[in-house]
């Protein structure tokens, strides 16, 4: 079972919602190439609010993801696309159900 997760919350600048959505969609191949990233989800909470939820089997996998290309790209584009800095919470998973 994955034990570690990240929940990132992103608020798009006015008029940048489509670009944030495209950025998140374009990050999927990067997430798929990360061996330590068990699951990865791009989310839309509202017309302007987005998120990323991902899980990892270990703290090392979580840290590798935070040090990897998705986080680097997100922070490089943050001033242009986001109304405020991304909020990234480290969370510990207590239970989960995934398909086999």
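Checking each residue in segment 21-47 for being over 12 Å from the mean Cα position of the chain (by Cα) and either closer than 18 Å to residue 96 by Cα or crowded, with 17+ Cβ neighbours inside 10 Å (or both) picks out 34, 36, 38. If you check residue 2 against the conditions, is it closer than 13 Å to residue 86 by Cα and surrounded by 14 or more Cβ atoms within 10 Å (Cβ to Cβ)? For residue 2, the condition - closer than 13 Å to residue 86 by Cα and surrounded by 14 or more Cβ atoms within 10 Å (Cβ to Cβ) - is not met. Picking from residues in segment 14-34 that are touching a helix residue (DSSP H, G or I) at 6+ places or on another chain (Cβ under 6 Å) and either farther than 14 Å from residue 69 by Cβ or assigned to a helix (DSSP H, G or I) (or both), the one that is modelled with the lowest pLDDT is 30.
Flag: residue 7 does not match the condition of being over 24 Å from residue 92 (Cβ atoms) and surrounded by fewer than 19 Cβ atoms within 10 Å (Cβ to Cβ).
The values are calculated or read from the model by the stated rules, or taken from the named source; none is laboratory data. This structure is a prediction, so every number in the text was calculated from the model and none was measured. For neighbour counting, all protein chains shown are included, and Cβ atoms are generated from backbone atoms with ideal geometry for every residue, glycine included.
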